[in-house]
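Colleague: I'd like to ask some things about the structure below.
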Amino acid sequence: MAQTAIYLDYNATTPPDPGVVEAMLPYLQAVFGNPSSSHAYGQRTRAGVARAREQVAGLLGCAPEELVFTSGGSESNNHALIGLALAHRERGDHIITTGVEHPSVLATCRYLEERFGFSISRLPVDGQGQVNPDAVERALTPCTVLISVMHANNETGVLQPIAAIATIGRKHGVLMHTDAAQSVGKVPVDVDDLGVDLLSLAGHKLYAPKGVGALYVRTGTRLDPLIHGAGQEGGRRASTENVPGLVGLGQACAIAAERLTTDHERLSRLRDRLQRRLEAAGWVVNGHPEARLPNTLSIALEGADAEELLRRAPELAASTGSACHSGRTDPSEVLMAMGVSRRRALGTVRLSLGRWTSEADIEQAAAALIRAGRAALGPRADLLETGRGPRI
């Protein structure tokens, strides 16, 4: 299918890699058995699921049996938080998280708070989007059972100091979960290096199909099942396996492991080029300048409206923030939590690059956004670019 716009929304979803599609095809056709069946048809699909588990484990640096396959990042986050909270309720009823988490974490915490009486500490972040590990330690109580902090923010790309936070958790006997949906496949993610006990990932963020994901559960971590029924996933998640999707996820992880270094270098270079072009035209970057994903650029034209900017640049497919908030006119909650002004937040676009972003795409995208900004601001745009006027 011909593309009608330059795609710069890879953080919302990625197109499946051709190698992923190729790996999945047999499981959509001849290899169709139920993995729970004992006959030859079931054995073939069961082998496909086992291989996928090994491939995902290889990317994360964990044992295959430490993985629970899920329907995606949101289910993984729900399972991690609800499953652990209920399994450890006799120990305590306090969870620490941040105010910039994905809605599937924030909403789940709110559910635990309202339905089961858990106490939730939602820690602030600094102006660059990071939480202070010392603030995490200060928030700990004798009743704390879990710390949940995302690895990389889906809007800004800012990376959190997960290893430092996990070290604090271990010192106090508190388990650590991280939502790594945006970081897996873009930066190195090793569960032992991070020191986490639970980690969530989503297939469609790393060139696998939608509707498939995984939850890493460190050996020895107690977790109540979220979906009850038969004994799939070692009894931790009932439901007949989505075999084609899991095969695709495994292949995507295998490809990511091979390409991680080269993709990181290429995407960082392209992102930085795009950033330089827009900054020269008066745009301002949000978030940490270094501790961020290589593909993500949260950047604002203050005084403009991001929705209008993208309407004036129809040759681009991008986002005004998190895809989960599309269509809302309120400023991004993530940016507001960082202390970004409402004016800047409303003028922010999220540009996320990917495997098929080219140098020509970057040049065309920069030109389109600069034209859109000039049209939106009129004479004020010249003042920004020449430095003769104040930042507005």
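Colleague: Stokes-Einstein at 20 °C, 1.002 mPa s, Kirkwood radius from Cα pairs: D for the stretch 338-381 in µm² s⁻¹?
Modeller: 173 µm²/s
Colleague: Could you give the Stokes-Einstein D for the stretch 144-292 in µm² per second, using the C-alpha Kirkwood radius, 37 °C, 0.692 mPa s?
Modeller: Approximately 190 µm²/s, per Stokes-Einstein.
Colleague: On to the next question. Tilt of helix 40-60 relative to the longest C-alpha principal axis of the chain, in degrees (0 to 90, nearest 10)?
Modeller: Compared with the principal axis, the helix lies near 50 degrees.
Colleague: Next question. Express in % the proportion of alpha carbon pairs of the chain at distances exceeding 32 Å.
Modeller: 36 percent
Colleague: Calculate the translational D of the stretch 271-368 in whole µm² s⁻¹ from Stokes-Einstein, where the hydrodynamic radius comes from the Kirkwood formula applied to all Cα pairs, the temperature is 20 °C and the viscosity 1.002 mPa s. Kindly include the intermediate steps, with their values, before the conclusion.
Modeller: Working: Rh = 13.6 Å.
Calculated translational D: 157 µm²/s.
Colleague: Another one. What whole number of Å gives the distance from the Cα centroid of the stretch 188-213 to the Cα centroid of the stretch 113-172?
Modeller: What the calculation gives is 18 Å, centre to centre.
Colleague: Where the only charges are on Cβ atoms (+1 Lys, Arg; -1 Asp, Glu), what is the dipole of the chain about its Cα centre, to the nearest 20 debye?
Modeller: I would put it at about 360 debye.
Colleague: When ligands, DNA and RNA are left out and all protein chains stay put, how many square angstrom of accessible area per residue does the chain have with a 1.4 Å probe?
Modeller: Per-residue value: 41 Å².
Colleague: Here's another thing I want to ask about it. Provide, for q = 0.12, 0.19, 0.22 Å⁻¹, the log10 of I(q)/I(0) from a solvent-free Debye sum over equal Cα point scatterers in the stretch 152-231.
Modeller: -0.39, -0.91, -1.11
Colleague: Still on this structure: Could you check how much of the accessible area of the chain is carbon and sulfur, as a whole percent, using a 1.4 Å probe?
Modeller: On the way: 8270 of 16030 Å².
Reported share for carbon and sulfur atoms: 52 percent.
Colleague: Relative to the compact-globule scaling 2.2 N^0.38 Å, provide the ratio for the alpha-carbon radius of gyration of the stretch 1-105. Provide the component values of the computation, followed by the final result.
Modeller: On the way: Rg = 18.7 Å, N = 105, 2.2 N^0.38 = 12.9 Å.
Ratio of Cα Rg to 2.2 N^0.38 Å: 1.45.
Colleague: Dipole size in debye (nearest 20) for the stretch 1-132 around its Cα centre, Lys and Arg Cβ +1, Asp and Glu Cβ -1? Numbers along the way, then the final one.
Modeller: Working: 9 positive and 13 negative charges, 72 e Å.
Around 340 debye, computed over the stretch 1-132.
Colleague: If you project the alpha carbons of the stretch 19-167 onto the principal axes, what extent comes out on each, in Å, largest first?
Modeller: For the stretch 19-167, the Cα spread along each principal axis is 56, 36, 25 Å.
Colleague: Can you tell me the 0 to 90 degree angle between the C-alpha axis of helix 73-87 and the longest principal axis of the chain, rounded to 10?
Modeller: The answer is roughly 50 degrees.
Colleague: Could you give the nm distance between label points at Arg259 and Tyr41, where each point is 7 Å from its Cα heading toward the beta carbon?
Modeller: 3.4 nm
Colleague: Please list 29-42, 227-240 highest first by mean number of surrounding beta-carbon atoms within 10 Å per residue.
Modeller: Answer by packing, highest mean first, reads 227-240, 29-42.
Colleague: If you don't mind, there's one more thing I want to ask. For Ala164 and Thr141, calculate 0.36 nm times their separation in residues minus their Cα-Cα distance, and state this gained length in nm to one decimal.
Modeller: In short, 6.5 nm is gained.
The values are calculated or read from the model by the stated rules, or taken from the named source; none is laboratory data. Everything numeric in this text was worked out from a predicted model, so none of it was measured. Note that we place each Cβ from the backbone using ideal geometry, even for glycine, and neighbour counts take in every protein chain shown. Ligands, DNA and RNA are stripped out before the accessible areas are found, and what is left, the full protein with its side chains, is counted by its heavy atoms. Shrake-Rupley method; radii C 1.70, N 1.55, O 1.52, S 1.80 Å.
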